[in-house]
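Accompanying notes for the structure given below.
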Amino acid sequence: APTGSAPATSPSTAPTPPRSRPAPVLPARYETLELTAYGVTLRMPVPAGWRRTRTALGYDLGDPSETLLLRVNVTAREPGRTVRQSWEAAEASLALAGYRRLDVRDVPGYFDEALDWTFVFDRDGEQRQVVDRLLVSGQVGVAVYFSARRADFPRLLPVWDRAIDNLALS
């Protein structure tokens, strides 16, 4: 029978409280990120002064508050596969706590083919929102991913908008 007190939890299973962080701000300056892979060069504006971490497929860029992530990946285009089929495979293999799809929308007229995938998930006691533009052009696939705390997402979405609105492949 319930006694009115919560059971004790061990330190290893207790939920981690959210880390106190400063509120993220929109960047004042941008610089051009250049990434060459699979015979193409990608250029897009990214916030100046954000931490850049080279990954196997591109770059992860993080803001000073450590709450925003802008990621760009370039891969070889999967022969015979549409962007939607690639997205379906990615979603099926996703293992994020609290994952919930918000929308998947085709983006007509953007390179050869594109779609925007928006979703939420839980991390460190906070709900995060993501928008990920998946596109193909010629022989490459590109993903431009932006993640922020859900409460901050609408205010900070211009970071992603600027990146995708000015993305160039040559």
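The values are calculated or read from the model by the stated rules, or taken from the named source; none is laboratory data. These numbers were taken from a predicted model, which means no experiment stands behind them. Here Cβ is always computed from backbone atoms with ideal geometry, including for glycine, and neighbour counts include all displayed protein chains. Areas reflect the complete protein model, heavy atoms only, side chains present, ligands, DNA and RNA absent. Shrake-Rupley method; radii C 1.70, N 1.55, O 1.52, S 1.80 Å.
Consider the stretch 138-153 and keep the residues that are among the small types (Gly, Ala, Ser) and open to solvent by 30 Å² or more (accessible area, probe 1.4 Å). The one that is farthest from Ala23 (Cα to Cα) is Gly138.
Annotation: of all residues in the stretch 81-121 being open to solvent by 60 Å² or more (accessible area, probe 1.4 Å) and hydroxyl-bearing (Ser, Thr, Tyr), the one that is farthest from the chain's Cα centre (by Cα) is Ser93.
Residues of the stretch 69-76 include none that is of a type outside the set (D, E, K, R), closer than 28 Å to Trp50 by Cα and free of Cβ contacts under 8 Å to residues at least 60 places away in the same chain.
Taking the criterion of being loosely packed, with under 12 Cβ neighbours inside 10 Å and not aliphatic (A, V, I, L, M), the residues of the stretch 54-80 that qualify are Arg54, Thr55, Pro79, Gly80.
What number of residues within the stretch 33-51 satisfy the criterion of being more than 15 Å from Tyr145 (Cβ to Cβ) and part of a strand (DSSP E or B)? So the count comes out to 8. Does Arg29 qualify as being under 22 Å from the mean Cα position of the chain (by Cα), open to solvent by 100 Å² or more (accessible area, probe 1.4 Å), modelled with pLDDT of 65 or more and of a type in the set (Lys, Arg)? Answer is yes for this residue.
Yes or no, residue by residue, for (1) modelled with pLDDT under 95; (2) among the aliphatic types (A, V, I, L, M):
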residue: Pro79; (1), (2): yes, no
residue: Arg100; (1), (2): no, no
residue: Asp116; (1), (2): no, no
residue: Gln129; (1), (2): no, no
residue: Ala168; (1), (2): no, yes
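Against the numbered list (1) more than 16 Å from Phe146 (Cα to Cα); (2) open to solvent by less than 90 Å² (accessible area, probe 1.4 Å); (3) part of a loop (DSSP other than H, G, I, E, B); (4) at pLDDT 95 or above, Pro22 comes up short only at (4).
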